[in-house]
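Single-structure report; data block below.
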Amino acid sequence: MNHKPTVFVVDDDQAIRSSLKWLIESVAMQVKTFESADAFIENYYPGRSGCLLLDVRMPGMSGLELQEYLAEQRISIPVIIITGHGDVPMAIRAMKAGAVDFIEKPFNDELLLESIRHALMLDEQQRDKQSQKAEIATRLARLTPREHEVMAMVTEGKANKEIASALGVSAKTVEAHRARVMEKMQAGSLADLVRMAMLANIGMDAGI
Amino acid sequence: MFTPDRSRDQSWIARVPLPWISVFVGLFCGFIAWLIIDPFQSKELGDFFQRDLESRLEIRAADTRRRFEYFLTDLDEATRKLAQNWRLVRHVYSPQWDQSREKTFVYFNQPSPWMEQGLPLRGAVEPSHVLLLDLQGNPREIYHQQDQPFPIDMALELFDDELKGITTALWQVPYFITWAEIAAGAQEKRAILMLVMPINEQFLSASQQYAGLDGIVIGLFEGDQQKLLTSSEVSQVGPATLLDDWAEDYLITSQALALYLAPQSNLQFFTFISRSRLTAKLEHILASVRQQRFFEALVYVAAFTITLFLISSRLSHILQRISTFGHNALGIEQQSPGHGNQLLLLENRLQELFQQVSYVKDETKVAQEHRIRESEALKSALLENSLDPIITVDKKGLIVEANATAQESFGYHREQLLGNPIDLLVIHPKDHLQIREMLARCRQKGTLQKLCQAQKMLSIDAFGGEKPVECSVMPIQLKERMVFTIYLRDISEREEAEKRIQSLAKFTSENPSPVLRVNDRGVIIYANSASTPLLDYWGCDRGQTLPLYWRNLIFDALQDGENREYEINLEEQIYSLLMVPVLELDYANLYGRDITQVRTAEQQSRQHQSELVHVCRLSTMGEMATGLAHELNQPLSAIVNFASGCVRRLQTGMGGEAELVDAMAQITVQAERAGEIIKRLRALVGKRAQEHSVVNLNHLVLEVASFVEYVAEKHHVDVTLRLSQGPLPAELDLVQIEQVLLNLVRNAIDAMKHVDIDRRKLELVTRKLGEDQVEVLVKDTGPGIPPENIEHLFDAFFSTKESGMGMGLPISRKIIESHHGQISATSEIGKGAEFRVVLPSDPNLELAGF
């Protein structure tokens, strides 16, 4: 698989597509263009890193609709909205829907490229976070239900004794559980564990 | 298709016809046999003939010896006869004989006087010495008839009283010596006659005179030394040679003499036969035998060849028949009999035939199996996929088999069905009797098929659901038992359909619109109740003929088969009548529709139509501008992108020349595209031909006001009209001026968006300016126009609005100027703006329409 991030361009105007490709490739980025939102959906693999340059006004599925679709599918690719003259209200809606940036045609190349770089950086960060989350989730999965409980309480800041009384076991048992949790989560310190718990708060909620 | 292997045909032997091979083989075998047999047989024959010859020779040798001995006997006899010669008798009885008793007379080269006539013997030989002896054996007279030295004494010693002749060799010369008594009658004997004959060439020839020697050499040899003493052919076989010296050239036979052999003498008789003669004879025999054998061989080869030739011709015939058979029966490509060895061809052809036959057999078998399997599969598929439940039961009504549809529609598994009575499982209790009777009837032989067919029943499924079914039974006689195939066709849908059809039949009569059917003679076959107004109008009823005019229309429709639509205007109602000819059934359906309301609405809408046209035209202008702006933006963006991309590439030195050229070409294309858009815009504004009409300007303003009423209300703008009292006739293009005014009004409303709601006021004023001009003012209470902008207001692409394109006012000015009028603007910052349109007018113009 190609790990180089790709700039996906979705615009119904062929000239815009090819000119954007030309412009973006001039800074040695990989570009893939699609003539419609549908074409993009049909060809996009969620795993791919990159950002999406999206025209708001298109026949068929509009840019905003595509944004909604991506949100529904939990595809968190950063989106830059490109808009023609007079589409400002739409652009604002797009921004509210989570677009990273919006750029008006005709483009200022500096602005556009800067925006793309920014979006790619965001994507990378997101991906890092995602993979960390995934890692933590796999570690969490190794915990027994009881260890889950102990971890939840520990990260809430409860003392061993409190936990012991809450769970109706001895403090020593709690201690043992706690040690195993630290080991299984590969946490070096309590702070580490808390950070992990925060990152994976969904998992924790589900665990109890 | 099966292809026989023909590689064997390549061998050269296969290409030679059989008769040639037979000739060749015959000759070859004959030659080989000849080579082997000839020396062997020749030798055998040679040996045989040699042995034969040798035995014959021995007989011959014995013959010669015997003849020789007879000759000696004859000589002995002749001597005795000679002794009786009267002269000799007289001589010895003469006194002289007595007188000279003590004397011996020797005569040389003088024949004895009583021997004038020689020996009394045919072919006799001359004695070399003749002696007369007295009775004691003493010689009295000796006659040397030849000059040959001869030991008389030795000869005399051989004298014997028996007076029998002897052969002996004296001084290496063989002699035959005979004695005979000389006596006169019964008188006392007086002397003895002794004859000495050398056994020489003449002697020997004479001894054989009756038979002839014919290349045979005979003679005597000394037995002890094996030395030849005399021979019949001295020139060839000289005496004094050894017997063995001749063994090479002659075949030698030696025999002891049985008679007249002197005691102490070992004389033997030999017969020489020339070997060369013998060989010649043998070869002659062998040659003739060989010749004979050669002819025999030729005959054999000929017979062999002819036989094979006949066989090969039969083979060719058989080949032809096989080929024909293969072609007719098996469809092999017909082959010419071919040239070459018929036997190999036959073998090939037979092999092909066998292969083909087994191939065809296999194929037929496979095809047959395939057919059987296919038909089985088809049958079972038919059964399985039949949409009807099919159940097979035995005599007792127990289920033997059920297809998938049956399992599905009755909700049982196959296992649940098998072995159970059909009536209990799938037939409703009230019909149990019926199906049992049906089965019982079908069980009887000779039952009419129709008794087993199609009876209505009620089926019941596993969940108690009831369905009407049509049950038919088909008895099937198997080898050992009889089974019944029961078809249970679900007829619930059919019953449903029947109901539906019945209800559909009512459909037309229930139709609130008139529906009629008219046949090809113009008679109304059917008319629903809603058709009454139409029938009343035509003045006819069902079963009667249509009026002539309508009848003709029906005929026309049935002629060309095309639908026709007419409108019938009754007093209160308007009907549309659709005439649909159904050619194949020779009638036409008439579908009426009450279109009274539609027509009324249409009339109303027609009144609005002209207004609508204006609305459309006017409202497009602003949208068009925005659309155009967007459209223009696309190529411009593309140009910017391409250009930026080029710059970046040129700066960083990446990208090839071709690539850059390509991008720049793209820039050109996009710029041209932008140009096209501009051109289109211009065309839109300028090219339309003006349609001038005389209009009351007040009406026009009123209309514009009504257009913007909705927008104005939405933006809480208070619209005030201050129109001139009298009409303001002007000759102008209604649409264009409307556009101008509408544009001004919209601009005014837009300008007041950011003004307090209660301060938003729009004023439209019309008035006369002198005799030949009219004026329209559009005033707003917006923020006003800064003075520096006022002068640019009518420049193209000048806009202060977010989404404005800056085209409205320039176009407006162009339109007004084309009407020979003026447009201008004044403004007071913070208070508002006022747009003023002045148009030429003529009070003499007659107002039309407005």
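Test of understanding: extend the Cα→C-beta vector of A:Asp192 to 7 Å, then name every residue of the stretch A:140-168 with backbone N under 18 Å from that spot. Residues passing the 18 Å test: A:140-143, A:151-152, A:154-156. In whole angstrom, the stretch B:690-840 maps to an equivalent ellipsoid with semi-axes of 24, 18, 14, each derived as √(5λ) from the alpha carbon gyration tensor and ordered largest first. Among B:Asp423, B:Asp842, sorting on how many other beta-carbon atoms sit within 10 Å of each Cβ, with the fewest leading, yields B:Asp842, B:Asp423.
Counting charges near B:Asp38 (Lys, Arg +1; Asp, Glu -1) among other residues having Cβ under 9 Å from its Cβ returns a value of +2. What does the helix-only formula give at 222 nm for the protein assembly as shown: each DSSP H stretch with n ≥ 4 adding -39500 (n - 2.57), the total divided by the residues, and the result rounded to the nearest 500 deg cm²/dmol? Computed ellipticity for the protein assembly as shown at 222 nm equals -16500 deg cm²/dmol.
Kindly express, to the nearest 10 degrees and within the range 0 to 90, the angle between helix B:697-714's C-alpha long axis and the longest C-alpha principal axis of chain B. Helix B:697-714 sits roughly 70 degrees off the main axis of chain B. With a 10 Å cut-off around each Cβ of A:107-115, the average count of Cβ atoms from other chains is 2. Report the local net charge at B:Lys227: Lys and Arg +1, Asp and Glu -1, summed over other residues whose C-beta lies under 12 Å from its C-beta. For residues surrounding B:Lys227, the net value is -4.
Alpha-carbon geometry of the stretch A:124-208: the Rg and the Dmax are 12.8, 45 Å, given in that order. Shown here is the pair-distance distribution of the stretch A:6-128: with all Cα-Cα distances grouped in 10 Å bins from zero up to the longest one, the shares run 14, 53, 32, 2 percent. In order along the stretch B:554-566, phi translates into HN-Hα couplings of 4, 4, 4, 5, 5, 5, 9, x, 9, 6, 10, 10, 10 Hz, rounded to whole numbers, per the Karplus curve 6.51 cos²θ - 1.76 cosθ + 1.60 with θ = phi - 60° and x for Gly and Pro. Taking the alpha carbon gyration tensor of the stretch B:178-295, multiplying each eigenvalue by 5 and rooting it gives semi-axes of 41, 18, 12 Å, largest first. Here the protein assembly as shown was treated as a single set of alpha-carbon atoms; its pair distances binned every 10 Å from 0 give 2, 6, 6, 5, 6, 7, 8, 8, 7, 5, 4, 3, 3, 3, 3, 4, 4, 4, 4, 3, 2, 1, 1, 0, 0 percent.
Cross-link pairs exceeding 23 Å between alpha carbons, from the set B:Lys379/B:Lys479; A:Lys133/A:Lys184; B:Lys753/B:Lys814: B:Lys753/B:Lys814. The trypsin sites (Lys or Arg not before Pro) of the stretch B:520-578 that DSSP puts in a loop, and whose beta carbon has at most 15 other beta carbons within 10 Å, are B:Arg521, B:Arg542. Close amide H partners of B:Val695, meaning residues 5 or more places away or on another chain with modelled amide H under 5 Å apart, are B:Ala730, B:Glu731, B:Leu732. Take the Cβ-Cβ distance between B:Lys164 and B:Ser55 as r, set R0 to 51 Å, and report the resulting FRET efficiency rounded to the nearest 0.05. The value I calculate is 0.95. Between helix B:808-818 and chain B there is an angle of about 70 degrees, using the helix long axis and the longest principal axis of the Cα atoms.
Taking the Cα centre of the stretch B:690-840 as reference, the dipole from Cβ charges on Lys and Arg (+1) and Asp and Glu (-1) amounts to some 300 debye.
Quick note on the stretch B:466-600: its Rg to Rh ratio, both from C-alpha atoms and Rh being the Kirkwood radius, is 1.32. Each pair of Cα atoms in the stretch B:516-594 enters the Kirkwood radius, and Stokes-Einstein at 25 °C and 0.890 mPa s then converts it into a translational diffusion coefficient of 198 µm²/s. Across chain B the C-alpha pair distances fall into 20 Å bins from zero in the proportions 9, 12, 11, 12, 12, 8, 6, 7, 8, 8, 5, 1, 0 percent. For B:Tyr587, the residues whose modelled amide H falls within less than 5 Å of its own, excluding neighbours fewer than 5 places apart on the same chain, are B:Val582. Taking each residue as 0.36 nm, the span from B:Glu562 to B:Ile32 lengthens on full extension beyond its C-alpha to C-alpha distance by 180.2 nm. Excluding same-chain neighbours fewer than eight residues apart, the lysines reachable from A:Lys96 by a Cα-Cα span under 21 Å are A:Lys105.
The Rg/Rh ratio for the stretch B:423-515, using Cα coordinates for both the radius of gyration and the Kirkwood hydrodynamic radius, is 1.20. When the charge dipole of chain A is built from unit charges on Cβ atoms (+1 for Lys and Arg, -1 for Asp and Glu) and taken about the Cα centre, the candidate among A:Val194, A:Ala94, A:Gln30 whose Cα reaches farthest toward its positive end is A:Val194.
For the stretch B:50-274, the normalised intensity computed at q = 0.09 Å⁻¹ comes to -0.39 (log10 of I(q)/I(0), Debye sum over alpha carbons, equal scatterers, no solvent).
Putting +1 on Lys and Arg Cβ atoms and -1 on Asp and Glu Cβ atoms, find which of B:Ile435, B:Leu546, B:Val755 reaches farthest to the positive end of the dipole of chain B. Farthest towards the positive end: B:Ile435. Count charges around B:Glu248 for me, please; just the other residues with Cβ under 15 Å from its Cβ, Lys/Arg as +1, Asp/Glu as -1. That works out to -1.
Readers should treat all values here as calculations from the given coordinates under stated rules, not as data from a laboratory. In this text the structure is predicted, and so the values were computed from the model without any measurement. For neighbour counting, all protein chains shown are included, and Cβ atoms are generated from backbone atoms with ideal geometry for every residue, glycine included.
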